[in-house]
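To start, the structure itself, in structure tokens.
Coordinate-derived values only; no laboratory data. Model, not experiment: these values are computed from the prediction. Cβ coordinates were reconstructed from backbone atoms using ideal geometry, including for glycine residues, and neighbour counts include every protein chain displayed.
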Amino acid sequence: MYCIETSDLSYQYSRQGNELHRVNLRVKEGSIYGFLGPNGAGKTTTLKLILGLLKKQQGQIKVFGEEFAPHRQPVLSKIGSLIESPSLYSQLTATENLSVWQKLYACPKARIQEVLELVGLGQTGTKKAGQFSLGMKQRLGIATALLHSPSVLVLDEPTNGLDPSGMVEMRELLKRLNKEHGITILISSHLLSEIEKLVTEVGIINHGKMLFEGSLGELMQRQQTAGGIRLDTSNNAEAVERLIAQGLDARQEQGKIVLPLLARSEIAQLNRALVQHQLDVYEISTVESDLESIFMTLTHP
Amino acid sequence: MTTFVASYQSEWLKTKRSLAAWLVVLGGFFIPFILFWARVLYPEKLKKAVLAPTYWEEVLSQSWQFMAILMLPMGLVLATSLLTQMEFRNNTWKQLHTTPQSYTTIFVAKLGVLLTMLVQFFILFNLGMYLSGILPPLVRGISLPKQAFPWEMYLKTSGHFWINCLPIVGFQYLVSLQFKNFLVPLGAGIGLLLASLIGLEWEHGHWLPYSYCSYYFFSLRGAKMGTLTVDAFSKWALGYFVGFTLLSYFFYILKKDKS
């Protein structure tokens, strides 16, 4: 079952151009869904539409199998969110900030201390939220999202502004929440490296269009197929002609010859053939494209 | 789902240590504090004043003289804008709008807190007026005023001022909900207040929504303000308040981006 499902979701801020174009996004129950895309790709707009912060124009949004708009309140009672920077009342303490939301969600008061301990802010006492570091603010934002024990967490770039150790801590916390509490997480980021160790499902968006959606395994599969072989010879132009004549998909790129992945025996055979034609081979190497380069290829074709 | 009471409590909690909350407390006691010292520092005048049968009426009139025309409207412009803009300043609209409550509940709870704070201000101001009248004779060892404290008159006057300043609350609420920049509601408020003060002697001055506190104050002093009665000013004020509030509600509900 999908926790969150959008069908042909389109949105435009102004008459010029679409911000989102027929976005289909499916977040499986119990998964950690990484929603990736460069800045301005349409991630935040999509998440705002899912949470009802933007008025839907076209398409369908279902949360827990129900249409969002007519069931807005019951649906929102099961979602915790952190969109962009955390929402905090700067003149209030961490406990007072959470009290503001505790009253609205009508959850037990004891939850306030529980979530503060969970995010490591249990000892902030009378310190006002305005005096918190960026990392502490971000953690208080997560605590707010977790306060009412939601089934789904929607987090928009929650690691923005965090230092590397803060990022690791956040990742561990989210993993724990998913494993131990069974919370489904939809997390957006513009850095694949930041969330590739966390997510089970991935959606990639750019210019308002979904470019890929699937498991991390499927994306890794692309990694393998996207790999290739790089060659450098004494005459690359002639070498390319000879390789094409042998039925290989060879081309020149940045002064080197690029070929699709081949078996080891085929590489040896190819080398022999080039040498037989008086072409000196200076380099044969395999090119493994990492997730980051797949991401770049998808978002910058 | 969130009840109105829970929403109101949540909104009330947000006012804790806020600038608007301080403004209510300081604004309520500021003029009484000055008048207290004015009476303590001039004991001869005070001696004569406490013997007069209209001592408490004088205290009331002196206090409202400074409050009604400028301080109350200005304080309201500031406090309403500060309180409403708190969500913009703290980047919290998006969080508030993803809580399981209707937009109507949010709108009414916020307005309810504003009106409660206005009541709070009037209570503090009345308490301040009483203390500024009763404490100076005690400090100076002068006999206390013969006249009993006219609670009813004080409350009635405050009730009228409360109604007459509602258009200011309504309009400031409307503008503050729509514009992120604090200078917009502030500028609009100051502009309308100045326009209302300039237009006081205009035959249609009562069309100006920020003018009713001044009109009511001058009518208390016995001045005739055109052809309208005190009750008519209050009706205009209530009409404007209802109009601004409805307009504000529709703009708020229809806002496309609630983040």
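Exposure proxy shown here: for A:Arg139, B:Arg89, the number of other Cβ atoms within 10 Å sets the order, fewest to most, as B:Arg89, A:Arg139.
Taking A:His277, A:His207, A:His148 as the candidate residues, the one with maximal mean-square fluctuation in a Gaussian network model of chain A, Cα springs under 10 Å, is A:His277.
Charged neighbours of B:His206, selected by a Cβ distance under 14 Å, balance to -1 (K, R count +1; D, E count -1). Among the trypsin sites (Lys or Arg not before Pro) found in the stretch A:187-239, those both in a DSSP coil and sparsely packed, with 12 or fewer other Cβ atoms within 10 Å of their Cβ, are A:Lys197. When the C-alpha to C-alpha distance is required to be over 21 Å, the pairs from A:Lys56/A:Lys179; A:Lys62/B:Lys14; B:Lys48/B:Lys146; A:Lys55/A:Lys103 that qualify are A:Lys56/A:Lys179; A:Lys62/B:Lys14; A:Lys55/A:Lys103. When only alpha carbons are used to place a centre, the stretch A:228-244 and the stretch B:127-198 end up 87 Å from one another.
Using a cut-off of 17 Å between alpha-carbon atoms, which lysines can reach B:Lys180, once sequence neighbours fewer than 8 places away in the same chain are excluded? Cα-Cα hits under 17 Å: B:Lys94, B:Lys110, B:Lys255, B:Lys256, B:Lys258. How would you classify the stretch A:162-219 from its alpha-carbon gyration tensor, with a ≥ b ≥ c the square roots of the eigenvalues: rounded for a/c under 1.5, else prolate if a/b is greater than b/c, otherwise oblate? Since a/c reaches 1.5 but b/c is at least a/b, the shape of the stretch A:162-219 is classed as oblate.
As a rough footprinting exposure proxy, the listed residues A:Ile195, B:Ile34 were ranked by other beta carbons within 10 Å of their own, and the order from fewest upward is B:Ile34, A:Ile195.
With a cut-off of 14 Å between beta carbons, the residues surrounding B:Leu83 carry a summed charge of +3, where Lys and Arg count +1 and Asp and Glu -1. In plain terms, the residue of A:Val27, B:Val119 with the fewest other Cβ atoms within 10 Å comes first and the most crowded comes last, giving B:Val119, A:Val27. Spin-label model, A:Gln113 to B:Trp151: label points 7 Å out along the Cα-to-beta-carbon direction sit 4.3 nm apart. The alpha carbon centroids of the stretch A:60-90 and the stretch A:99-157 are separated by 17 Å.
Whole-Hz Karplus values for the stretch B:75-90 come out as x, 5, 4, 5, 5, 5, 5, 4, 5, 5, 6, 3, 5, 5, 4, 9 Hz, taken residue by residue from phi with 6.51 cos²θ - 1.76 cosθ + 1.60 and θ = phi - 60°; glycine and proline positions read x. Farthest towards the positive end of the charge dipole of the protein assembly as shown, among the residues B:Leu13, B:Phe241, A:Leu20, is the Cα of B:Phe241, using unit charges on the Cβ of Lys, Arg, Asp and Glu. Between A:Ile79, A:Val202, A:Gln254, the Cα set farthest toward the positive side of the dipole of the protein assembly as shown (charges on each charged residue's Cβ, about the Cα centre) is that of A:Ile79.
Converting phi to 3J(HN,Hα) with the Karplus coefficients 6.51, -1.76 and 1.60 and the offset θ = phi - 60°, the stretch A:201-211 yields 10, 9, x, 10, 10, 8, 6, x, 10, 6, 9 Hz in sequence order, with x at every glycine or proline.
What separates the Cα centres of the stretch B:202-255 and the stretch A:1-54 is a distance of 47 Å. Across peptide A:69-75, the mean count of Cβ atoms from other chains lying within 10 Å of each residue's own Cβ comes to 2. With the charge dipole of the protein assembly as shown set up from +1 on Lys and Arg Cβ and -1 on Asp and Glu Cβ about the Cα centre, the Cα lying farthest toward the positive end among the listed residues A:Phe68, B:Met117, A:Val119 is that of B:Met117.
Straight Cα distances below 29 angstrom link B:Lys224 to the lysines B:Lys156, B:Lys235, with same-chain residues fewer than 8 positions distant left out. The Cα atoms of the stretch A:44-111 give a gyration tensor whose axes a ≥ b ≥ c have a/c of 1.5 or more with a/b no greater than b/c, which makes the shape oblate.
Only helical runs count toward this figure. For chain A, summing -39,500 (n - 2.57) over DSSP H runs of n ≥ 4 and dividing by all residues gives -11000 deg cm²/dmol at 222 nm. Classify chain A: rounded, prolate or oblate, from the alpha-carbon gyration tensor (a ≥ b ≥ c, eigenvalue square roots; a/c under 1.5 rounded; otherwise prolate if a/b is larger than b/c)? Prolate.
Charge tally for B:Lys47 (other residues, Cβ to Cβ under 14 Å; Lys, Arg +1; Asp, Glu -1): +3. Put simply, the Cα atoms of the protein assembly as shown extend 125, 52, 45 Å along their principal axes, the longest span coming first.
At most 15 other Cβ atoms within 10 Å and a DSSP loop assignment: could you name the GluC sites (Glu not before Pro) in the stretch A:1-109 that fit? When the GluC sites (Glu not before Pro) of the stretch A:1-109 are filtered for loop state and at most 15 Cβ neighbours within 10 Å, A:Glu29 remain. Annotation for the stretch B:136-227: trypsin sites (Lys or Arg not before Pro) lying in DSSP loop with at most 12 further Cβ atoms inside 10 Å of their Cβ are B:Lys146, B:Lys180, B:Arg221, B:Lys224.
If only the Cβ of Lys and Arg carry +1 and only the Cβ of Asp and Glu carry -1, the dipole of chain B around its Cα centre is close to 520 debye. Averaged over the residues of B:165-172, the number of partner chain Cβ atoms lying within 10 Å of the residue Cβ comes to 0.
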